[in-house]
Each structure stands twice: as C-alpha cells, then as structure tokens.
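What follows is a short report on a single structure.
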Amino acid sequence: AGRSGDGGGALRPLYMDVQATTPLDPRVLDSMLPYLTAYYGNPHSRTHAYGWESEAAMEKARRQVADLIGADSREIIFTSGATESNNMAIKGVARFYKSRKKHIITTQTEHKCVLDSCRSLETEGFRVTYLPVKKNGLIDLKELEVAFQPDTSLVSVMTVNNEIGVKQPIHDIGEICRARKVFFHTDAAQAIGKIPMDVNNMKIDLMSISGHKIYGPKGVGAIYVRRRPRVRLEPLQSGGGQERGLRSGTVPTPLAVGLGVACEVAQQEMEYDHKRISKLAERLVTKIMSEVPDVVMNGDREHRYPGCINLSFAYVEGESLLMALKDVALSSGSACTSASLEPSYVLRAIGTDEDLAHSSIRFGIGRFTTEEEVDYTVQKCIQHVKRLREMSPLWEMVQDGIDLKSIKWTQH
Amino acid sequence: MAASMAAASGGSVTRRLLRGAARGLSGGGGGGGGGAAAEEPEGAVVNVVFVDRTGRHVPVRGRVGDNVLHLAQRHGLELEGACEASLACSTCHVYVSTPHLDRLPAPDEREEDLLDQAPQLQENSRLGCQIVLGPELEGAHFTLPRVTRNFYVDGHVPKPH
C-alpha cells in the first residue's frame, strides 16, 4: 500500500474488501499491455494482420475461460461484466421462450442485477418465484422441487453469495433442473477461479462470469451458453452479429486477454489460494470470536467460500465500526447496496434481526492478503468493538441481565 | 423456364415427354435445385404454403425431394439464399408450422450455429435450404421472417443467386 491518491501523503488502508473488487494480478496486467499499445487491431477485421492477431488473442482468451469451467470455447461469449451476463441470461432466455413458458424461479438472496432483471420481466407479464432461504443461507431443495410449474423456463441460483459467502448446492440443483428439462443459470462471479466449477458435471446451462472478481480487469466478463442441448436467448444488444449474434459489439481485445489470463492463473493457483485463504479465514474468525462475545457469523459454517466472512457484532452499529476501522477497507454489505439506505436483503432473508443486520461487517480475504493484514484487522476490530460497546446503553442493559426483547420502546 | 411454357401451351403428350426429359436431365425423380420447372408431378405432390413478409399466403405444389429454399425462389418468394444452400449463411431462415416442425430431422450443429446468427429467431426456426419435402410435410406453412442478417433497410430485394 503506497501513499493515498488524493496527494495527501497519508498511508492507504489495508484492502479487505475483495468481494467488491480485486486488484489486477501482475501477470494479467503484463498480458494486457501489448494489446493496449501495439496490437490494437479490431478482432473482427478479417482482412489484415492487425485483425488476425487480435482475433487470435481473443480466441485464446475464450479458450482459457472455457477451460476453467469445463466448457467448449464456442460456448463462451464476452460481455461487459457479470451484470450484463445476468441480464442476458434471465431476460434473454425468458423472452425467447415466452410463447410457451412464462415462469422463472430464483432466490431471495441473488445479486441485485438478477432480482431487478426478474422484476422487469414481471412488468412484461412473466411470473417469478423468489425462493426463500434457510437460516444458514442455503435454499431448501424440496421447496425448489415444488416451485416448478409446467411453464417454467429458467432457474437462476448464484453459486457463491457475495455478501455472506455461502455456497449453494449447485450439483443438486443442476440435477433437479435437468430432470425437468428446465434451463439452469448460475451467477458464478464470486465462485469461478476460487472453487472448481464444471458445467457438465454440475449440469449448468448458463453461467455468468466477472473479470474483476478474479484479479482480472474491470469492464469485462463472460457468459457461458450451452450448445448441447442448445440454449437460445434473445439478444439484449443488437448490431453486427458478433459473439454468435448474442452480443453485438467489438470485443475489447485487451480486456478479453486480461480475463483469459486471469482465468488461467486462477486455475493454476486455485488449490494453493484456497488452502491459504482458508487458514487466514480460520485465524480471523477464531481470534475475533475468542476475544469478543456475542458475535454471529452469517451463513452456513461449512457450505461456504472461506474468503468471504460476514460477522454481526451485537450492540455495535456497523457503520460506526467501519468508520472506526479507518485503516482497513471493509464493507457492511455489498457495494451495490451501500449507497441505498436499505439494510441488506440478504441478511433479512436469512432471518437476521434488524438490529444485527445493521451491525454486520464483511471481511474479504484474497490472493494477496497477508497474515499481518489479517492480524492487524483482527486487533483493531477487537479494540473498537470493545470501545463501542463501552459506550453502548444496550450493552450496559444486557450486562445487567435485561432481556432486550422484553422492552417496549416508545415512539418519539 | 422454356420447358414450363411449352408444357403449359402443349398437350398432355408433350407434357409427359418434357417431364421425362427433365427428369432425365436432373437424374431421377425430383431434384433439389435442378432445372425442373414447377409442374404437376405424378403422385408425389406435397402441398405447402409460403407466407411472405407481408403476410400473403402463397400455396405451392412441391414434390417429394424438393429443397424448400429453391422451391420458394422458383415461386418468386424473397428468400435470398446468399450462400446457395451451402450452409454458410442464415438468409434462408424460415419459421416452420407446428406440428410439421417436429417431423423434420434434427438440425446439424452447423445449422444450429447459423440459426444463432439469424435475427428474430424463434423456437420454430429452421434454415430453408436444409428442409427437404416429404409426404409428412403436407400442409406445412413456411413463414418468412421480417428481416434477415443482410440489411436491406432501403428496401432493396436481392435477386436469387
């Protein structure tokens, strides 16, 4: 961490918010630079060497993305990111099959772009079932089974949740959908490159991929669209028919190259990263929970990705803890909801009481997080939680043995 | 074309002779894309209906073995077929009526890839040049989509290739 960008000369905070975005892996940057400086051709130019070399780089990147998920490279379409991929998958599939199928199933804990795409389809006359989740954040497979209707066209369930890190039973969901011949889409933005994914094994028909969650560049992602059996979707973006007609527009070669290398590096580093991150996560959670009482981990303890830890510190207001931890870049929910005053709908869906939902912090541990960073974060966190609790009248009442739930708070 | 004009004006003997000659030229019973004119065949008729871009229904008497793209072109329908039925474009894209859709053999992967590129794709889309008429397609409706991948927004209509 160098000096801060505002020229003030102060040290920059530690970065512990990898679910929001990740830094570029240096190997990714190295691979992109030539395509930003020298090899700047349009990959769709068929008549000269600039085009051919750019196309070759784009196709190599396509193969690298495909290899990470066990797909054929013709099944990978480059997009501007997982938000676009989610929009394409949900709106595209729904609209293509709309003459016979009008129903979609998703969950209450999906990313906002999935939920908003579903809401916009509802205004077009589609019906959407938003499956609830259990207290541990996982969906109930039996509830999924009964949610199917004769005209269901798509099921969309994210692999790893960006707020609480829980890992849904993708394998089982894939089986259930395949048996009913309903397409299965998963938003794998937080999962690929971190846990093994195989689209055939897991019977996935559509998958959304994000570049900047796996140490790749921002502004690029991909969507996997199965060829056998063929999944059709109505394109969102019309134009010259690039990317199999599904996503017109010049593919940004430097970004695609970056995404490809990010995927290849992730495939190589996956096992090592997972082991190291699991150890660091265990260290963080154990240290905090052993020093500080009344801390709740949100989401299932086992079925999760270790690098995303969401803790609720009872009797402490989340924003004040974040402000206190000013040397550490953290978040209290997801980046896309932090501007709105809405408390996290993911925490509400897992049954967290409203006061605990306001007390939650998400710790992100990534490829470049060091043990010292974790230890510093833990030390500051413990220090400030204790300090804020000293000031808290609620904490005082609890220490005196009062049951807070029995209190009738008066309205002002 | 000359053969069909002669057949229209001549008697039945002339017609049968011409038909025999035509069949000889195109090497046996119906030929997909051969020079044979759209005459009344013997017992191998498949009646289909083309629906053009304006919604006009054009009934056509095809024969078993006819290629739908060439049949459409012979009857003046605006199905471009830019690659001349070599599975390299999507301009012969048609919508096939149900239940005839399911009676067609499953599309080749290359046809599926080209269909992906056709605008306004629907579940009942197929490439016309890959559909060969058989008795099971009696009564089938082939509807032309409003646009193809080639942009003729100025109203230009390409001549059949």
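Could you list, in sequence order, the residues of segment A:99-127 that are under 28 Å from residue A:65 (Cβ atoms) and free of Cβ contacts under 8 Å to residues at least 12 places away in the same chain? It would help to see each step written out before you state the result.
As a first pass, look at segment A:99-127 and keep what is under 28 Å from residue A:65 (Cβ atoms): A:104-107, A:109-118, A:120-121.
Answer for segment A:99-127, where residues must be under 28 Å from residue A:65 (Cβ atoms) and free of Cβ contacts under 8 Å to residues at least 12 places away in the same chain: just A:116.
Restrict the check to segment A:94-110 and report whether at least one residue is on the phi > 0 side of the Ramachandran plot and out of contact with any Leu (no Cβ under 6 Å at 6 or more places or on another chain). Full working, then the answer.
As a first pass, look at segment A:94-110 and keep what is on the phi > 0 side of the Ramachandran plot: none.
No, because not a single residue in segment A:94-110 is on the phi > 0 side of the Ramachandran plot and out of contact with any Leu (no Cβ under 6 Å at 6 or more places or on another chain).
Report whether or not residue A:249 is in contact with a helix residue (DSSP H, G or I) (Cβ under 9 Å, 6 or more places away or on another chain) and either part of a strand (DSSP E or B) or crowded, with 24+ Cβ neighbours inside 10 Å (or both). Reasoning before the result, please.
On the way: in contact with a helix residue (DSSP H, G or I) (Cβ under 9 Å, 6 or more places away or on another chain): yes; either part of a strand (DSSP E or B) or crowded, with 24+ Cβ neighbours inside 10 Å (or both): no.
So residue A:249 does not fit the description; no.
Return the pairs, sorted by first residue and then second, in which the second residue is surrounded by 23 or more Cβ atoms within 10 Å (Cβ to Cβ) and assigned to a strand (DSSP E or B), the first residue lies in segment A:307-319 and is without any contact (Cβ under 8 Å) to a residue 60 or more places away in the chain and of a type in the set (S, T, N, Q), the beta carbons are less than 6 Å apart, and the residues are 6+ apart or on different chains.
These pairs meet every condition: A:312/A:360.
Determine whether segment A:100-108 contains at least one residue that is in contact with a His (Cβ under 9 Å, 6 or more places away or on another chain), aliphatic (A, V, I, L, M) and buried (at least 21 other Cβ atoms within 10 Å of the Cβ).
No, that holds for no residue.
Restricting to segment A:337-383, and then to whatever is in a helix (DSSP H, G or I) and hydroxyl-bearing (Ser, Thr, Tyr), can you tell me which residue is modelled with the lowest pLDDT?
A:337
So, of the residues in segment B:107-160 that are in contact (Cβ under 8 Å) with a residue 40 or more places away in the chain, hydrophobic (A, V, I, L, M, F, W, C) and farther than 18 Å from residue B:64 by Cβ, which turns out to be farthest from the other protein chains (Cβ to nearest Cβ)? Reasoning before the result, please.
Going residue by residue through segment B:107-160, those that are in contact (Cβ under 8 Å) with a residue 40 or more places away in the chain are B:127-135, B:137-146, B:148-150, B:157-158, B:160.
Now restrict to residues that are hydrophobic (A, V, I, L, M, F, W, C): B:127, B:129, B:131-133, B:137, B:140, B:142, B:144, B:157.
Among the residues that remain, those that are also farther than 18 Å from residue B:64 by Cβ are: B:127, B:144, B:157.
Numbers: B:127: 14, B:144: 18, B:157: 21 Å.
Once the filter is applied, the top-ranked residue is B:157.
Residue-by-condition table, conditions (1) surrounded by 14 or more Cβ atoms within 10 Å (Cβ to Cβ); (2) at positive phi:
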residue	(1), (2)
A:362	yes, no
A:366	yes, no
A:374	yes, no
A:379	no, no
A:384	yes, no
A:390	no, no
A:393	no, no
A:396	no, no
A:401	no, yes
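Filter segment B:18-73 down to residues that are out of contact with any Phe, Trp or Tyr (no Cβ under 8 Å at 6 or more places or on another chain), over 16 Å from residue B:133 (Cα atoms) and at pLDDT 50 or above, then give me how many there are.
Number of matching residues: 5.
On the basis of being free of Cβ contacts under 8 Å to residues at least 60 places away in the same chain, farther than 29 Å from residue A:353 by Cβ and among the aromatic types (Phe, Trp, Tyr), does residue A:96 make the cut?
Details: free of Cβ contacts under 8 Å to residues at least 60 places away in the same chain: no; farther than 29 Å from residue A:353 by Cβ: yes; among the aromatic types (Phe, Trp, Tyr): yes.
No; evaluated as a whole, the condition is false for this residue.
Return the only residue of A:135, A:142 being surrounded by fewer than 21 Cβ atoms within 10 Å (Cβ to Cβ), outside the structural domain of residue A:310 (by the TED database) and closer than 27 Å to residue A:200 by Cβ. Please lay out each step first, then the result.
Details: A:135 fails: closer than 27 Å to residue A:200 by Cβ.
None of the other options fit; the residue is A:142.
Return yes or no: is residue A:296 touching a residue at least 60 places away in the same chain (Cβ under 8 Å), farther than 30 Å from residue A:132 by Cα, surrounded by fewer than 21 Cβ atoms within 10 Å (Cβ to Cβ) and touching a strand residue (DSSP E or B) at 6+ places or on another chain (Cβ under 8 Å)?
no
Is at least one residue of segment B:79-88 within 12 Å of another protein chain (Cβ to nearest Cβ) and either more than 30 Å from residue A:237 (Cβ to Cβ) or not hydroxyl-bearing (Ser, Thr, Tyr) (or both)? Full working, then the answer.
If we filter segment B:79-88 for residues that are within 12 Å of another protein chain (Cβ to nearest Cβ), which is where we start, we get none.
Checking segment B:79-88: not a single residue is within 12 Å of another protein chain (Cβ to nearest Cβ) and either more than 30 Å from residue A:237 (Cβ to Cβ) or not hydroxyl-bearing (Ser, Thr, Tyr) (or both).
What do you reckon, is residue B:111 touching a strand residue (DSSP E or B) at 6+ places or on another chain (Cβ under 6 Å) and of a type outside the set (Val, Ile, Thr)?
Yes: the conditions hold for residue B:111.
Looking only at strands (runs of 3 or more DSSP E) that fall completely inside segment A:99-216, which ones have 1 or more residues that are touching a Gly at 6+ places or on another chain (Cβ under 9 Å) and either of a type in the set (Gly, Ala, Ser) or more than 14 Å from chain B (Cβ to nearest Cβ) (or both)? It would help to see each step written out before you state the result.
Values: elements: A:103-107, A:127-131, A:152-156, A:183-187, A:206-210.
Fully inside segment A:99-216 and qualifying: A:183-187, A:206-210.
Between a first residue in segment B:91-106 that is under 14 Å from residue B:135 (Cα atoms) and a second residue that is assigned to a helix (DSSP H, G or I), which pairs have beta carbons less than 8 Å apart while being 6 or more apart in sequence or on different chains?
Pairs found: B:100/B:136; B:100/B:137; B:103/B:136; B:103/B:137; B:104/B:137.
Residue under question is residue A:305, and the condition is that it be crowded, with 16+ Cβ neighbours inside 10 Å, outside the structural domain of residue A:71 (by the TED database) and out of contact with any Cys (no Cβ under 9 Å at 6 or more places or on another chain); does it hold? Step through it out loud before you land on a result.
Numbers: crowded, with 16+ Cβ neighbours inside 10 Å: yes; outside the structural domain of residue A:71 (by the TED database): yes; out of contact with any Cys (no Cβ under 9 Å at 6 or more places or on another chain): yes.
Yes, satisfied.
Of the residues A:39, A:35, only one is assigned to a loop (DSSP other than H, G, I, E, B) and more than 27 Å from residue A:169 (Cα to Cα); which?
Numbers: A:35 fails: assigned to a loop (DSSP other than H, G, I, E, B).
When all the criteria are applied, what remains is A:39.
Please count how many residues of segment A:87-98 are within 14 Å of another protein chain (Cβ to nearest Cβ) and either part of a strand (DSSP E or B) or among the β-branched types (Val, Ile, Thr) (or both). Full working, then the answer.
To start, the set of residues in segment A:87-98 that are within 14 Å of another protein chain (Cβ to nearest Cβ) comprises A:88, A:92-98.
Checking the rest, the ones that are also either part of a strand (DSSP E or B) or among the β-branched types (Val, Ile, Thr) (or both) come to A:93.
Adding up the residues that qualify gives 1.
Looking for whichever is at pLDDT below 95 and farther than 18 Å from residue A:267 by Cα here; the options are A:41, A:2. Which one fits? Before you say what the answer is, go through the steps one by one.
Details: A:41 fails: at pLDDT below 95.
The match here is A:2.
Select from segment A:217-246 the residues that are hydrophobic (A, V, I, L, M, F, W, C), more than 10 Å from chain B (Cβ to nearest Cβ) and either at positive phi or in a strand (DSSP E or B) (or both) and list them in ascending order.
Those that are hydrophobic (A, V, I, L, M, F, W, C), more than 10 Å from chain B (Cβ to nearest Cβ) and either at positive phi or in a strand (DSSP E or B) (or both): A:222, A:223.
Any idea how many residues of segment A:191-218 are closer than 21 Å to residue A:364 by Cα and surrounded by fewer than 18 Cβ atoms within 10 Å (Cβ to Cβ)?
3
For segment A:350-364, which positions are small (Gly, Ala, Ser), under 10 Å from residue A:312 (Cβ atoms) and touching a residue at least 60 places away in the same chain (Cβ under 8 Å)? Outline the logic, then answer.
Here is the first cut: in segment A:350-364, the ones small (Gly, Ala, Ser) are A:351, A:357, A:359-360, A:364.
Remaining after also requiring under 10 Å from residue A:312 (Cβ atoms): A:357, A:359-360.
Scanning segment A:350-364 gives a single hit, A:360.
Checking residue B:157 against (1) farther than 27 Å from residue A:244 by Cβ; (2) of a type outside the set (Ser, Thr, Tyr); (3) touching a helix residue (DSSP H, G or I) at 6+ places or on another chain (Cβ under 8 Å), only one condition comes out false. Which one?
Failing condition for residue B:157: (3).
Give segment A:43-86 a look and list any residue that's touching a Phe, Trp or Tyr at 6+ places or on another chain (Cβ under 7 Å), assigned to a helix (DSSP H, G or I) and hydrophobic (A, V, I, L, M, F, W, C), or say none.
A:57, A:69
The values are calculated or read from the model by the stated rules, or taken from the named source; none is laboratory data. Since this is a predicted model, take the numbers as computed values, not measurements. Note that we place each Cβ from the backbone using ideal geometry, even for glycine, and neighbour counts take in every protein chain shown.
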